[in-house]
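Visitor: Quick one: the structure is below, and I'll ask about it shortly.
The values are calculated or read from the model by the stated rules, or taken from the named source; none is laboratory data. Everything numeric here is computed off the predicted structure, so don't read it as measured data. Note: ideal-geometry Cβ built from the backbone for every residue, glycine included; neighbour counts use all protein chains shown. SASA here: full protein model, heavy atoms, side chains in, ligands and nucleic acids out. Shrake-Rupley method; radii C 1.70, N 1.55, O 1.52, S 1.80 Å.
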Amino acid sequence: MPSIITHAAVPLALWCAADRGRIPPRLLGAGVIAAMLPDADVLAFALHIPYADAFGHRGASHSLLFACVLAVLAAVWAFFGSGRPWSAPPCQPSLASPGHAYPSVGRGRPWSAGLCQPRLASTVQAAAFVFVCAASHPLLDALTSGGLGVALAWPWSEHRFFAPWRPIRVSPFAPQFFSARGLATLLSELRWVWLPLAGAVIAWKLIHSAPAAPRDLS
């Protein structure tokens, strides 16, 4: 696996790339937890569950079904939770334009400032964000250089999948993490996870901040 710290890179990158306030702090926190949670299955070693078992490390908790379960839980909490915990703070509707009976609506940007997100949109956003964060964990693990593959298709198949290309050094377990091997793992993750995600976020921001080219009306 990549180190537990690096699994948080995906939700942090999505948060940085999104418009300010689009991903509220609580939703970001849920995404970080979802991205790290699959590795709770290391408890299987303490319970003497074999690594290759369906409930061993990189087994059921690394499946897409597990990511879906976390997404459903996030959606339920978003929809029924007290205070709508995933939503940004309540906003005030924008004032109507002179001569119009209804509040103005931002053209082309339905979630622009001054408009409140509908509850359904907030629920879908929470579910999609948590699913992507949770699913990123086994996909990153599949890019590592060691261990067993990930049981993406559990419970329909217990086959362990690896990506054809595996550039990320597999992380040692806790007792060996603070060693030369652990440092090499962190450098590998910096090169293959953090820097590419940072570059993607910067490129995304530059593209979306570029002014639109004026139309030729002639």
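Visitor: Given a 1.4 Å probe and heavy atoms of the protein chains only, how would you sort Ser209, Ser179, Ser3, largest accessible area at the top? Spell out each step's value before the answer.
Guide: Details: Ser209 85, Ser179 50, Ser3 5 Å².
From most accessible down to least: Ser209, Ser179, Ser3.
Visitor: What is the packing order of peptides 22-35, 125-138, 186-199, taking the mean over residues of other C-beta atoms within 10 Å and listing the highest first? Kindly include the intermediate steps, with their values, before the conclusion.
Guide: On the way: 22-35: 20.0, 125-138: 23.9, 186-199: 15.8.
The most tightly packed comes first, giving 125-138, 22-35, 186-199.
Visitor: Take Leu65 and Ser145, extend 7 Å from each Cα along the Cα→Cβ direction, and tell me the distance between the two endpoints in nm.
Guide: According to this spin-label approximation, the distance is 3.4 nm.
Visitor: In whole angstrom, how long is each semi-axis of the equivalent ellipsoid of the range 17-79, when you take the square root of 5 times every eigenvalue of its Cα gyration tensor and sort them from largest down? Before the final figure, lay out each step's value.
Guide: Details: eigenvalues 168, 28, 17 Å².
Taking √(5λ) for each Cα gyration eigenvalue gives 29, 12, 9 Å.
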